[in-house]
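All remarks here apply to the structure that follows.
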Amino acid sequence: MNVMRTGILLAGLMALFLAVGYAIGRETGMLIALVLSLGMNAFAYWNSDRMVLAMHGARQIDRAAAPDFYDMIARLSHNAGLPMPKIYIMENPQPNAFATGRNPQNAAVAATTGLLSSLSYDEIEGVIAHELTHVKNRDTLIMTLTATIAGAISMLGNFAFFFGGRDRNSPLGPLGTLLMIIVAPLAAMLVQMAISRTREYSADRGGALISGKPLALASALARISGAAHRIENDTAEANPATAHMFIINPLSGGRMDNLFSTHPSTENRIAALKQIANELGEASSAAPNPSQGPWSSPEQRSKGPWG
């Protein structure tokens, strides 16, 4: 159902993009819009992952730098039937994480130092399993495409503002063009957010199944959401267009399932994960104890999150 809904929303976003092109210049405008879309998506396909990682100052690590964390991701990747992704660390006190990459063979998982230092081992497993589900479902590519098309619609709206209203051949006329400039980018943003929210629910479910610990993931979401309100993510604030990539909205924590939210309500996501736990027969006592610290055993805690 989520796959079908995403497909419909993507088709609607593309149709909106072509409609904006047609409104500006009829068939010629629609053709220009199509060519522009293909060019922008081709660029995003090959370069978006490196751009996003650079924006957030992520540095790649190997097993020597963090053996426990590396082995965790290797095991979860095996559980998910995925090749080993590249691993990145972001020096940021806010606990959070995201995945990027055009396909599973070129994927990367990035986590903040805040995530590794403040969550339990089981909670981090749930977060990483969630991100690996995004990779498996190719959500990283889907969200890159939607962000690119939505941005292109806004750009076309600006183009229409300067040129469309003066064009007597525009099928909408000056008033219609003005309405399009206002409505089209807003509609594109709403579709983009709807796709993002749909993919988050799917990734939560996949993460719960890959890790086998839905309650640990639920606990992680609650803790990350609470921390996002207290700890500012400076790089995310400087690059708000990347907010939808994180497991929890780094700008607001994603607490409200409102019209403009990139993420579903954290409370709704936790409720869905508890339902999955019931389906799997996981007892509520299996939820991690937040006082355990970043790693479950005293030996692991003495080594710190880099293990």
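The values are calculated or read from the model by the stated rules, or taken from the named source; none is laboratory data. Computed from a prediction, not measured in an experiment: that's the story for all the values here. Methodologically, a virtual Cβ is constructed for each residue, glycine included, from the backbone with ideal geometry; neighbour enumeration extends over all protein chains shown.
Couple of notes before you dig in:
- Residue that is closer than 15 Å to residue 121 by Cβ and either modelled with pLDDT of 70 or more or among the polar types (S, T, N, Q) (or both), where the choices are 219, 252: 219
- Residues satisfying the stated conditions in the stretch 80-116, i.e. surrounded by fewer than 22 Cβ atoms within 10 Å (Cβ to Cβ), of a type in the set (S, T, N, Q) and more than 13 Å from residue 135 (Cα to Cα): 113
- Residues that are within 24 Å of residue 122 (Cβ to Cβ) and hydrophobic (A, V, I, L, M, F, W, C) were ranked within the stretch 59-79; the one that is surrounded by the most Cβ atoms within 10 Å (Cβ to Cβ) is 73.
- Filter pass, residue 274 being surrounded by fewer than 18 Cβ atoms within 10 Å (Cβ to Cβ) and either modelled with pLDDT of 80 or more or not aliphatic (A, V, I, L, M) (or both): yes
- Pair list, Cβ < 6 Å and 6+ apart or interchain, from the stretch 50-61 residues that are β-branched (Val, Ile, Thr) to residues that are at pLDDT 85 or above: 52/100; 61/87; 61/89
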